[in-house]
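Enquirer: Got a structure for you, written out below as structure tokens; questions coming shortly.
Bear in mind that the values in this text are calculations on the coordinates, not laboratory data. Bear in mind that the values here come from a model prediction, so they are computed numbers and not experimental data. Here the Cβ positions follow ideal geometry from the backbone for every residue, glycine too, while neighbour counts run over all protein chains shown.
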Amino acid sequence: MRRLQDKIKTEGKVLSGNVLKVDSFLNHQIDAQLMKAIGEEFASRFKNLGITKIVTIESSGIAPAVMTALILDVPVIFARKKKSLTLVEHLYTAPVHSFTKNETNDISISKDFITSDDTVLIIDDFLANGQAVLGLLAIIEQANAKVAGVGIVIEKAFQPGGEMVREKGIKLESLAEISSLNDGEMTFVEESVEQ
Ligand code: 5GP
């Protein structure tokens, strides 16, 4: 998605440890117009798949997930990173190791909101090692629901998450694919193929 790629190029900052900082439009301040365009793009790539729910993880997945949900006309459920102390037995949970924070936490979703009748689209801001997506897939499996696909705003294609999802035969759509963040420079998959 050209508009997203341009935004990453002009405003993204490469931090140490292969981390891309996009706080000015995705992870802290949110560019609502860009999120709207991202929602339209996801909705067109995942149309006619019988999607009944969108699932994401708080907090940075929520904006693109909601924009997509508006167009597909379905609810969004965000997995919580902190368990509420009540009704723990009424939750689907899965462990997720955070790449950026280097810690493992359980994510959870209430059993009220995903059932075996659902066809679920997963949306998230980043795909790196794939742990967040694996956690969401585990929760969807616990609910005996179907997975329609995974929509990612920024895939770091040099990390194993994308391959892991595709190997499972799951439809993966990433709107920007970064092939390297070496030496503070970012290269996009499309560009490295062109060279
Ligand atoms: P994964 O579980 O695929 O390793 O990482 C996915 C999660 O880690 C995303 O939801 C995102 O919050 C965070 N993440 C991974 N890599 C980056 C990065 O380079 N920049 C930012 N801002 N977040 C990242």
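Enquirer: Show which lysines lie in cross-link reach of Lys53 when reach means a straight Cα distance below 30 angstrom and same-chain residues fewer than eight apart are skipped.
Expert: Within the straight-line cut-off, Lys53 pairs with Lys7, Lys21, Lys36, Lys81, Lys82, Lys83, Lys101, Lys111, Lys146, Lys156, Lys168, Lys171.
Enquirer: Across segment 1-98, what fraction of all alpha-carbon pairs, as a whole percent, falls in each successive 10 Å bin from zero upward?
Expert: Pairs per bin, as whole percents: 14, 36, 34, 15, 1.
Enquirer: Moving to a separate point now. Could you order the peptides 22-31, 61-70, 96-105 from most to least packed, using the average number of other C-beta atoms within 10 Å per residue? Let's see the in-between values first.
Expert: Details: 22-31: 16.8, 61-70: 22.7, 96-105: 13.0.
Ranked from most to least packed, the peptides come out as 61-70, 22-31, 96-105.
Enquirer: Give me the one-decimal nm value for the distance between modelled label points at Gln142 and Leu70, 7 Å along each residue's Cα-to-Cβ direction.
Expert: 3.1 nm
Enquirer: Sticking with this structure for a sec: With point charges of +1 on the Cβ of Lys and Arg and -1 on the Cβ of Asp and Glu, referenced to the Cα centre of segment 96-159, which listed residue (Asn129, Ala143, Val153) lies farthest in the positive direction of the dipole?
Expert: Farthest towards the positive end: Asn129.
Enquirer: Here is a follow-up. What does the net charge come to around Lys13 if you take all other residues with beta carbon closer than 9 Å to its beta carbon, with K and R at +1 and D and E at -1? Write out the running numbers ahead of the final one.
Expert: Numbers: positive: Lys21; negative: Glu11, Asp23.
Once all neighbours under 9 Å are counted, the net charge is -1.
Enquirer: Arranged from highest to lowest average of other beta-carbon atoms within 10 Å per residue, in what order do the peptides 120-129, 5-14 appear?
Expert: 120-129, 5-14
Enquirer: Please give the net charge around Phe25, taking every other residue with its beta carbon less than 10 angstrom from that of Phe25, where Lys and Arg add +1 and Asp and Glu add -1. All intermediate terms of the calculation are to be shown ahead of the outcome.
Expert: Numbers: positive: Lys7; negative: Glu11, Asp23, Asp31.
Result for the local shell: -2.
Enquirer: OK, next. If the only charges are +1 at each Lys and Arg Cβ and -1 at each Asp and Glu Cβ, what is the size of the charge dipole of the chain around the Cα centre, to the nearest 20 debye?
Expert: On the way: 21 positive and 27 negative charges, 73 e Å.
Using Cβ point charges on Lys, Arg, Asp and Glu, the chain gives about 340 debye.
Enquirer: Can you give me the Kirkwood hydrodynamic radius for the chain, using every pair of distinct Cα atoms, in Å to one decimal?
Expert: So the Kirkwood estimate lands at 17.0 Å.
Enquirer: Please compute the length gained on full extension between Glu185 and His28, using 0.36 nm multiplied by the number of residues separating them and subtracting their Cα-Cα distance. Please report the intermediate quantities before stating the final value.
Expert: On the way: separation 157, 0.36 × 157 = 56.52 nm, distance 2.20 nm.
Gain on stretching Glu185 to His28: 54.3 nm.
Enquirer: Could you compute how fast segment 69-144 diffuses translationally, taking Rh as the Kirkwood radius over C-alpha pairs and applying Stokes-Einstein at 20 °C with viscosity 1.002 mPa s? Give it in µm² per second. Can you show the working numbers first?
Expert: Details: Rh = 13.2 Å.
In µm²/s, the coefficient is 162.
Enquirer: While we're looking at this one, here's another question. Would you mind working out the magnitude of the charge dipole of segment 16-57 relative to its Cα centre, with +1 at each Lys and Arg C-beta and -1 at each Asp and Glu C-beta, to the nearest 20 Debye?
Expert: Dipole of segment 16-57, to the nearest 20 debye: 180 debye.
Enquirer: What does the extension gain come out to for Ala37 and Thr10, with contour length at 0.36 nm per residue minus their alpha carbon separation?
Expert: 7.9 nm
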